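Here, each number is a calculation from the coordinates, and none is a lab measurement. This structure is a prediction, so every number in the text was calculated from the model and none was measured. With ideal geometry, Cβ positions are generated from the backbone for all residues, glycine too; neighbour counts draw on all protein chains shown.
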Amino acid sequence: MKAVFLVRATGGLAAALFAGIALYLAPLEPGVLTLQLAFSPRVFGQVVHLWPAEHLARYRSHFPADFALLACYGAFGWLLATRTALFAGQPALRCWAKWALPLAAAFDSTENALHLWLTEVPRFGVPWAYTAAALAASLKWGLLLAFAFAVAFALAVRER
């Protein structure tokens, strides 16, 4: 019973944080996803320079909630894969799934740290940092999507 509570609590909190962050960042245009996938200083700079100063401040101020979000979804993925019967009939999928969201959270944390640093002052002389941040974001989103497909697959197999 405790495991089910923890899965629901971490999942519910992650969903609430995600929704809150999405609403908070909704006024930013271009959107945050455009910034996350900016692999070069030029593209990153174009996005940031289209934002007024208060939007950049809004973006930077969301990071404490985003760090809480990544902790919640990382824990949720681990708990769902290891403390429930969702992947019971698929040991290989369970083995992969238990690491998918914690790894996504690690990439998210890397992306956040780099974005905090890159938005503090212009740092166009370090192109590797922009590439690393966008790569971390890409890997995060890929793992989140793959985990969602794994859950959908596990649910479909259980229904048969």
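Each Lys or Arg adds one and each Asp or Glu takes one away; over the other residues whose Cβ falls under 10 Å from the Cβ of Leu79, this sums to +3. Remark: the Trp128-Leu50 segment gains 25.8 nm on full extension, using 0.36 nm per residue and subtracting the alpha carbon distance. The simple spin-label model puts a point 7 Å past each Cα toward its Cβ; for Ala15 and Phe39 those points are separated by 3.5 nm.
For the chain, the longest principal axis of the alpha carbon atoms and the long axis of helix 91-120 meet at an angle near 20°. Per residue, the chain reaches -28000 deg cm²/dmol at 222 nm when only DSSP H runs of four or more residues are counted, each adding -39500 (n - 2.57). Eigenvalues of the alpha-carbon gyration tensor of the stretch 47-138, scaled by 5 and square-rooted, set the equivalent ellipsoid semi-axes at 34, 15, 8 angstrom, largest first. Note: relative contact order over the chain, using C-alpha pairs below 8 Å and six or more positions apart, is 28 percent. Rounded to the nearest 20, the size of the Cβ-charge dipole of the chain about its Cα centre is 580 debye, with Lys and Arg at +1 and Asp and Glu at -1. Computed over the alpha carbons of the chain, Rg followed by Dmax gives 17.4, 56 Å.
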